[in-house]
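The values are calculated or read from the model by the stated rules, or taken from the named source; none is laboratory data. In this text, all values refer to a predicted model and were calculated from it rather than measured experimentally. Positions of Cβ are backbone-derived with ideal geometry, glycine not excepted, and every protein chain shown enters the neighbour counts. SASA here: full protein model, heavy atoms, side chains in, ligands and nucleic acids out. Shrake-Rupley method; radii C 1.70, N 1.55, O 1.52, S 1.80 Å.
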Amino acid sequence: MKNGVMMQYFEWNLPNDGNLWKKLKADAKHLHEIGVTAVWIPPAYKADEQQDEGYATYDLFDLGEFDQKNTIRTKYGTKKELKEMIDELHKYKISVYLDAVMNHKSWGDYTEKFTVVEVNPKNRNEAISKPFEIQGWTGYNFPGRKDKYSDFEWHWVHFSGTDYDDASKRSGIFQIQGENKHWSQGVDSENGNYDFLLGNDLDLNHPEVIGELNRWGVWVSKELNLDGMRLDAIKHMNDVFVKQFLETVRKERGEDFYAVGEYWNGNLDILQQYLATMENSIDLFDVPLHYNLFAASDQEADYDLQKLFEGTLTSVHPDCSVTFVDNHDSQIGSSLESYVKDWFKPMAYGIILLAEKGYPCIFYGDYYGIKGEKSPHTAIIDELLKLRKEYAYGEQVNYVDHPSVIGFTRKGDDKHKGSGLCLLISNDQDGNKVMNVGKERSGEVWREYTGSIGEEVTIDEEGNGNFTVKGRNLAVWVKKIKVIPYL
Ligand code: CA
């Protein structure tokens, strides 16, 4: 996937109008033209209510087809519209990755009685009550679906924890008791054991749960002709389950079935450990890079740009790294809010879209805007995508040698005539840097692509150019194409 680009095609505040699948279908040609090669779509199955984004999952087998939870469609549309949209994207050779929520389910169809202990939210290994009986919403028989696609019914025994007792009308973290019941191994150690996130936490050690999720994974991938998945909340899931799930789906769909996991942790060691356990069978979002971009945007000129790539997944494990600037969780008002400030967004996108390493993912909110307000970044992202397609080839050489002006060159390659570029960013004053683009390019005239600088640079006999950048801006220098005037 040479110079592939993923787009996350949703943000948290989309209207509940059932139009996203139709909108995305109509957008397929445009996405292809700007250079998007894959789209990550939100959870496409029935949630606890129509307006839910999809993460409060109710029925994985209801893709907007059955009258359940008072709606046939999901927030994003019907199953028919979903399938039509995917067919259209495939016409333009755009891959489709479904967001798969397998850590938890929202409330079920009826309550059941079972025994729990309440645990300390800050240390889930510490019981703060004796065992007692609660009434939880853990019974699922999906009356609206009537066993179509799967006749599996969920009960309390398929979960490891829940967050509400309907008998006492009380919330808490309730660990379910019984044979083989415990928080899972192979999860993040935050809060003692971070198996439980919210709702009814799936017991991914239970053979019936593993069987049902594997069946679903194969079914949904075939039913929707998926090219891959984005796996939600994997730091709360048994890593052994995740690994065998991907193996099962790939047995049916082929080894190139793509997977990227949301392991939300800024600690590189933990991400590397996870990749080792998974034997690199999954990509991870480069969360440390996101946090560095956020810090750079937040601290402005006080941030030392030489630290920008430190501790990032891309710097040590580029083949398994998905680079991104923001997403639906980091945007303003969301649970992991750490929104890269607008002034720095063009620089951040310049870095992820023009770099040699990492698989970049553009956030819908940055390209189309949030809450229906037009994004100020569409034009620059379009330009960077063009640069990625035409110029961003060959080896990358970093010039990370100054606290406020850094950059890199791409050498270009033979397949893409005239390719290669210099990227510079500044978080303070106007700056300049002598960068080498190769002796063979001596005598070439280079120009700044985004239009921020008018002067041209001639490459000297050593292959060096003295490239400039405006303060708090980015500059992308490429070889000037000779314009032949009409005769
Ligand atoms: Ca879990």
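Brief remarks follow.
- Of the residues making up the stretch 150-176, those that are touching a residue at least 12 places away in the same chain (Cβ under 8 Å), under 26 Å from Phe66 (Cα atoms) and away from the ligand (no atom under 16 Å from the Cβ) are Ser150, Phe152, Glu153, His155.
- Comparison of Glu88, Glu53 shows that the only residue that is open to solvent by less than 60 Å² (accessible area, probe 1.4 Å) and out of contact with any Phe, Trp or Tyr (no Cβ under 9 Å at 6 or more places or on another chain) is Glu88.
- When residues of the stretch 401-420 are limited to those that are open to solvent by 20 Å² or more (accessible area, probe 1.4 Å) and among the charged types (D, E, K, R), the one nearest to Leu354 (Cα to Cα): Lys411
- Restricting attention to the stretch 259-293, the residues that are hydroxyl-bearing (Ser, Thr, Tyr) and assigned to a helix (DSSP H, G or I) total 3.
- Some residue of the stretch 267-281 being at pLDDT 95 or above, among the acidic types (Asp, Glu), outside the structural domain of Val116 (by TED's automatic domain parsing) and within 12 Å of the ligand (Cβ to nearest atom): no
- For the stretch 56-85, the candidate set comprises residues that are open to solvent by less than 10 Å² (accessible area, probe 1.4 Å) and among the small types (Gly, Ala, Ser); within that set, the residue that is farthest from Gly139 (Cα to Cα) is Gly77.
- Residue within the stretch 306-313 that is of a type in the set (Asp, Glu), at pLDDT 95 or above and away from the ligand (no atom under 16 Å from the Cβ) present: yes
- Considering the stretch 334-367, and only residues there that are under 18 Å from Phe408 (Cβ atoms) and not in a helix (DSSP H, G or I), the residue that is most open to solvent (accessible area, probe 1.4 Å) turns out to be Lys357.
Per-residue answers, yes or no, for (1) more than 14 Å from the ligand (Cβ to nearest atom); (2) part of a loop (DSSP other than H, G, I, E, B); (3) in contact with a His (Cβ under 6 Å, 6 or more places away or on another chain):
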position: Asn180; (1), (2), (3): yes, yes, no
position: Glu190; (1), (2), (3): no, yes, no
position: Tyr194; (1), (2), (3): no, yes, yes
position: Glu208; (1), (2), (3): yes, no, no
position: Trp216; (1), (2), (3): yes, no, no
position: Met229; (1), (2), (3): yes, no, no
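- Filter pass, Asn398 being within 24 Å of Ile380 (Cβ to Cβ), open to solvent by 60 Å² or more (accessible area, probe 1.4 Å), of a type in the set (S, T, N, Q) and in contact (Cβ under 8 Å) with a residue 12 or more places away in the chain: yes
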